[in-house]
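One structure is given below, encoded as structure tokens.
Computed from the coordinates by the stated procedures, all read-outs in this text should not be read as laboratory data. Everything numeric here is computed off the predicted structure, so don't read it as measured data. In this analysis, Cβ positions are derived from the backbone assuming ideal geometry, glycine residues included, and neighbour counts consider all displayed protein chains.
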Amino acid sequence: MDEATAQTARERALERGVSMNRYIEELVERDAGETGQTFVEAASEFMKSYESLFAEEFPEPALRESEGLPRT
């Protein structure tokens, strides 16, 4: 990393009261979490878009009326 970026990282870490390594770890963890959230949102949109096709292909089993449980 270039010196200007390293200096900025040191300053931000100091402001937060953590080591520079911990500050960078937090950035990576946050980035990974955002990536995961983006994937979940995209998967959700995909499922919404194709919900009717999935329902036709994989119908839910009927529930036993008295127990509210799937038929076995």
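Things worth noting here:
- Cα gyration tensor shape for the stretch 8-58, rounded if a/c is under 1.5, else prolate or oblate: prolate
- Backbone HN-Hα couplings from phi across the stretch 48-59 [Karplus 6.51/-1.76/1.60, Hz, Gly and Pro as x]: 5, 5, 10, 4, 5, 5, 5, 4, 5, 6, 10, x
- Estimated inter-spin distance, residue 53 and residue 11, nm [label 7 Å along Cα→Cβ]: 5.1
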